[in-house]
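So the structure is just underneath, and the comments pick up after that.
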């Protein structure tokens, strides 16, 4: 079942290989191959707010990590095949640059969290 899909997981978007479909549960198991959009930092339930109990540091899903996604959050992948590390770096840089144009406290805190996750990524 080596089909490439565009999978949305929380606030990130990934190029992934479709591994298994569970129609009854309306979900699919995917294996992450590349990062198309880096996950947003902070609280998913209170987006763009800093006065929250826990401002989450979110890393992208790892290369070859498998995860379940709702069928509704997945569609065929139509772009060129990407390599994981360069795609991760590009997605991270794009998000960081977007935040750099935002003067809000949320953007500044998000940039701090992104710098921390970048250390773990090693680029």
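The values are calculated or read from the model by the stated rules, or taken from the named source; none is laboratory data. If you're wondering where the values come from, they're calculated on a predicted model, not measured in any experiment. Cβ coordinates were reconstructed from backbone atoms using ideal geometry, including for glycine residues, and neighbour counts include every protein chain displayed.
Things worth noting here:
- Residues that are assigned to a loop (DSSP other than H, G, I, E, B), at pLDDT below 95 and more than 20 Å from residue 95 (Cβ to Cβ) within the stretch 1-44 comprise 1, 2, listed in sequence order.
- Members of the stretch 74-93 found to be in contact (Cβ under 8 Å) with a residue 24 or more places away in the chain and either loosely packed, with under 13 Cβ neighbours inside 10 Å or in a loop (DSSP other than H, G, I, E, B) (or both), listed by number: 75, 76, 77, 78, 79, 81, 82, 83
- Candidates are the residues of the stretch 39-62 that are in contact (Cβ under 8 Å) with a residue 12 or more places away in the chain and farther than 13 Å from residue 110 by Cα; the one that is surrounded by the fewest Cβ atoms within 10 Å (Cβ to Cβ) is 62.
- Pair list, Cβ < 9 Å and 6+ apart or interchain, from the stretch 18-29 residues that are free of Cβ contacts under 8 Å to residues at least 12 places away in the same chain and on the phi < 0 side of the Ramachandran plot to residues that are surrounded by 16 or more Cβ atoms within 10 Å (Cβ to Cβ) and not in a strand (DSSP E or B): none
- Failed condition for residue 99, given (1) at pLDDT 95 or above; (2) loosely packed, with under 13 Cβ neighbours inside 10 Å: (2)
- Test for residue 99: is it more than 23 Å from residue 4 (Cβ to Cβ), within 13 Å of the chain's Cα centre (by Cα) and part of a helix (DSSP H, G or I): no
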